[in-house]
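The values are calculated or read from the model by the stated rules, or taken from the named source; none is laboratory data. Quick caveat: nothing in here was measured; it's all calculated off a predicted structure. Cβ sites come from the backbone with ideal geometry, for glycine too, and all protein chains shown count toward neighbours. The accessibility values were calculated without ligands, DNA or RNA, using every heavy atom of the protein model including side chains. Shrake-Rupley method; radii C 1.70, N 1.55, O 1.52, S 1.80 Å.
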Protein chains: 2
Amino acid sequence: MPPRPHPARDLREACVDQALAIIGDVGVEALSIREVARRLGVSHQAPYKHFPSSDHLLAEVVRRTYRQFSEYLEARPRNGDPGDDLKSGGVAYFGFAREFPLHYRLLFSTPLPDPASHPEMMAEARHAFQLLYADIGWVKPGASDTERQLDALFVWATVHGLASLMQTAALDQIGLDPGVLDQAMPHALHRIGKALAP
Amino acid sequence: MPPRPHPARDLREACVDQALAIIGDVGVEALSIREVARRLGVSHQAPYKHFPSSDHLLAEVVRRTYRQFSEYLEARPRNGDPGDDLKSGGVAYFGFAREFPLHYRLLFSTPLPDPASHPEMMAEARHAFQLLYADIGWVKPGASDTERQLDALFVWATVHGLASLMQTAALDQIGLDPGVLDQAMPHALHRIGKALAP
DNA sequence: GCTTTGAGTAGACACTGTCAACTTATGAGC
DNA sequence: GCTCATAAGTTGACAGTGTCTACTCAAAGC
């Protein structure tokens, strides 16, 4: 096959798109550079002209997924009441995990490429955390920075933990009453509210 | 090489041991049947006489790790006070995650073999959850089953979420105050206590 | 017009899981 | 004690993976 007249940028973009598609369809385990190339009809080495290694492709995919995630969180409606906004944040967080389970798992349950080698990826992750941190700040306006961080971690841990447990498949087999899984998130948010009350 | 006079059971056990060692050393990603065979000095097909597929080896490893985990939780000292015992359970849970991060990740952040195909694995997982569930029961003696399950999920989610976030490596780069990570667990347990208070 | 460089192809290597065929030791039935 | 089935090893192959190297070829710079 002769080289194709791809303007360079195109193939790079196309690789990322295909990688995201594969992850959304089948999960990150099925992601391989060769499969990406195959889907795009190029040789198995073509993607290497745009990504030094498969980790770099993965890092770029993760970066974009963090961005998607942030945008999803920011897109939720707010009403200005700090407590309500924190709760709607939790719901949105959880909604993303349910709507894009495989992408969510990519962010939080997958060994990511070495963070030090991929600062752009981490910058996007940091931004997502800042969103939560800011909402906590509104709820506890008098608290010290450290205290706010601790509470942000607490809230994050609970919401993330629940989203993460829901994907474990262990949960389905554990003998819970029917409906418990559906109520789990609102219940947890309720508990969080109680825990943070003055 | 002639076949060795291994009594069959030995090689099976040895495979599981090596697999656990590999996971503890380098993580589950580095686990491969061939590597196990190599370390044991047997041919790359020998393990297949004891495990139909690599998933079956993994399932057995996961099963044992769940058991280790349960034993770790049960080994903690209790003083009989329901609130204290729940807290010490959280501390122990967290302790396991910190002491055996790679094994913990195996249980909760790794795509496990299909649960339906490996019921023994799931039975062990269920048992671990029962431990937590029982402790919640003591704390809320009057509550309905459903309510207890919801609170058990809440507690589990928080503790698991924190343990899981701590491994994300995202946390190191997120700009937290020094010491926050050390305080995170006691703080979360404190919040849990407040959330569950009558 | 020559040369450098970017972006593609093709082939090789080592690694993986798994299938198939072969060997050999052990134990049961007679 | 002989035979034969089976369990538990062996080797060899195949397709899949990431990645190294060597090649082609077109466009851009001077």
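Being among the charged types (D, E, K, R), crowded, with 16+ Cβ neighbours inside 10 Å and within 11 Å of DNA strand C (Cβ to nearest atom) holds for only one residue in A:105, A:12, A:38, and it is A:12. The residue that is nearest to the other protein chains (Cβ to nearest Cβ), counting only those in segment A:15-35 that are touching a residue at least 60 places away in the same chain (Cβ under 8 Å) and open to solvent by less than 20 Å² (accessible area, probe 1.4 Å), is A:27. Contact annotation: residue pairs with Cβ atoms under 9 Å, 6 or more positions apart or on different chains, pairing a residue in segment B:81-100 that is farther than 17 Å from residue B:139 by Cα with a partner that is aliphatic (A, V, I, L, M) and part of a loop (DSSP other than H, G, I, E, B), are B:92/B:75.
Tell me the helices (runs of 4 or more DSSP H) entirely within segment B:39-113 that contain at least 2 residues that are in the same structural domain as residue B:159 (by TED's automatic domain parsing), farther than 18 Å from residue B:21 by Cα and touching a Leu at 6+ places or on another chain (Cβ under 9 Å).
So the answer is B:54-74, B:82-99.
Looking only at segment B:41-81, residues that are within 14 Å of chain A (Cβ to nearest Cβ), within 13 Å of DNA strand C (Cβ to nearest atom) and of a type outside the set (S, T, N, Q) come to 3 in all. Residues that are modelled with pLDDT under 95, facing chain B (nearest Cβ under 7 Å) and touching a Gly at 6+ places or on another chain (Cβ under 9 Å) within segment A:163-191 comprise A:164, A:165, listed in sequence order.
Quickly run through segment B:138-149 and pick out the residues that are part of a helix (DSSP H, G or I) and either surrounded by fewer than 17 Cβ atoms within 10 Å (Cβ to Cβ) or in contact (Cβ under 8 Å) with a residue 40 or more places away in the chain (or both). Scanning segment B:138-149 gives B:138, B:139, B:145, B:146, B:147.
Every residue in segment B:156-172 that is among the aliphatic types (A, V, I, L, M), within 16 Å of the chain's Cα centre (by Cα) and open to solvent by 10 Å² or more (accessible area, probe 1.4 Å), please.
B:166, the sole residue that qualifies.
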